[in-house]
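Q: Can you read through this structure? Questions will come right after.
Nothing in this text is a laboratory measurement; each read-out follows from the coordinates by a stated rule. It should be emphasised that the depicted structure is a prediction, and the values quoted were computed from it without experimental measurement. So basically every Cβ, Gly included, is an ideal-geometry build from the backbone, and we count neighbours across all protein chains shown.
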Amino acid sequence: MATGTRSWSIDAVPDQTGRTVVVTGANSGIGLEASKVLSGRGARVVLACRDPRRGEVAREQVGGAAEVRALDLADLASVRDFADGLDGEVDVLVLNAGVMAPPLSRTVDGFESQLGTNVVGHAALTARLLPQVTDRVVWLSSMMHRFGSIDLADLNWEHRRYRRWSAYGQSKLADLMLAYELQRRLTLAGSSVRSVAAHPGYSSTNLQQHAAGPFARLNKGLQDLVARTGIGIQSAEAGAWPTLMAATDPDLPGGSYVGPGGPAEMTGAPRVVGSTDASHDAAVQNALFDQVEELAGVTFGLPR
């Protein structure tokens, strides 16, 4: 099967026996559904969850050799403790956890919550675990990256008026740009580790519970409509397919971006998709990567 074709199906996920996959935010939604498949194919899946109690409930659904470890991406001390306590090789690191469009709040370390959780926490985790990663890192972006912009002078929303959807778009664009830039630096270092990205399209998950206001009401109405008609949105199970393809396709090149292959990339079997011109701005990618390293208090140790 050729990489990136629309004929991809869940049957394309190869045997994962002997492999270790870390999935952040694995207790629900896309992370949970991807973990089920990976475990079912034989992987040891580490469910990295902010709430270990919810993680244990998820572990019962995932089965196999799954294990739960506490990880709060909004707390860099928790990220450090998680990484320090994870021994052995990590074949695949899936950066799935995230928050979407909450009211303005700040993490333990003072970051705007979407920047801190979706970007800085994941970057800190990746830098700390990268020496153990043998295959690839998968960054979860979003269709909303198309509406994002990177403000290098105020990533942390300290001077601008906070707009929750602009902050979400910035965070998802940043994730995608970090995926591209990490691949560039890995290539310069002569590493065989791949950095790829994926997005789930429009999927029925609980991520929208963090949203408020008109979008939350609109989203609830859309989900009610879909429950009656089955049109316009895909299940969390199908939404996990791009993540699974990005995490397991042996022929997927580093720097790829995987999303649904249907109209507007909202639903459908996954394939390699494109991204905005802004996401490919090499100068901004480089500056963003350096700034996020500084914010996270880590270094990837890769050539620039």
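Q: Treating only the Cβ of Lys, Arg, Asp and Glu as charged (+1, +1, -1, -1), what charge dipole size does the chain show about its Cα centre? Round to the nearest 20 debye.
A: Dipole size: approximately 680 debye.
Q: Which peptide among 197-203, 149-155, 109-115 comes first, and what is the full order, when sorted by highest mean count of other Cβ atoms within 10 Å?
A: Result, highest mean Cβ count within 10 Å first: 197-203, 109-115, 149-155.
Q: Using Cβ contacts closer than 10 Å as the measure, can you line up S7, S142, S105, S35 from fewest to most?
A: S7, S105, S142, S35
Q: Cα gyration tensor of segment 63-113, axes a ≥ b ≥ c as square roots of the eigenvalues: rounded (a/c below 1.5), prolate (a/b > b/c) or oblate?
A: prolate
Q: Please list, by residue number, every one of the trypsin sites (Lys or Arg not before Pro) in segment 99-182 that is coil in DSSP and has at most 14 other beta-carbon atoms within 10 Å.
A: R160, R161, R163
Q: How about segment 1-84: which trypsin sites (Lys or Arg not before Pro) there are in a DSSP loop, with at most 13 other Cβ atoms within 10 Å of their Cβ?
A: Qualifying residues, ordered by number: R6.
Q: Out of the DSSP beta bridges found with both residues in the chain, what percent are antiparallel (nearest 5)?
A: Bridges in the chain that DSSP calls antiparallel: roughly 15 percent.
Q: Which whole-Hz couplings ³J(HN,Hα) result when phi for each residue of segment 99-115 is put into the Karplus expression 6.51 cos²θ - 1.76 cosθ + 1.60, θ = phi - 60°, listed in order with x for Gly and Pro?
A: Using θ = phi - 60°, the values come out as 10, 10, 6, x, x, 4, 8, 10, 6, 3, 8, x, 8, 3, 4, 6, 4 Hz.
Q: Could you work out which residue, out of L125, L104, L244, moves most in a Gaussian network model of the chain, that is, has the largest mean-square fluctuation with Cα springs under 10 Å?
A: L104
Q: What is the order of W241, W165, fewest Cβ neighbours within 10 Å to most?
A: Ascending Cβ contact count within 10 Å gives the list W165, W241.
Q: While we're on this one: Might you report the magnitude of the Cβ-based charge dipole of segment 59-151 about its Cα centre, with Lys and Arg at +1 and Asp and Glu at -1, to the nearest 20 debye?
A: 300
Q: Using 7 Å Cα-to-Cβ label points, what is the T134/L152 separation (nm, one decimal)?
A: If labels sit at T134 and L152, their model points lie 3.8 nm apart.
Q: Apply the Karplus parameterisation 6.51 cos²θ - 1.76 cosθ + 1.60, with θ equal to phi minus 60°, to every residue of segment 257-265 and state each ³J(HN,Hα) to the nearest whole Hz, in sequence, with x for glycine and proline.
A: Couplings: 10, 10, x, x, x, x, x, 6, 6 Hz.
Q: Over segment 10-296, calculate the relative contact order: mean separation of alpha carbon pairs under 8 Å at least 6 apart, over the residue count, as a percent.
A: Across segment 10-296, relative contact order equals 18 percent.
Q: Determine the calculated [θ] at 222 nm for the chain from helices alone, applying -39500 (n - 2.57) to every DSSP H run no shorter than 4 residues and normalising by the residue count; nearest 500 deg cm²/dmol.
A: -11000 deg cm²/dmol
Q: Among M143, M266, M245, M177, what is the fewest-to-most ranking by other Cβ atoms within 10 Å?
A: Least to most surrounded, the residues fall as M266, M143, M245, M177.
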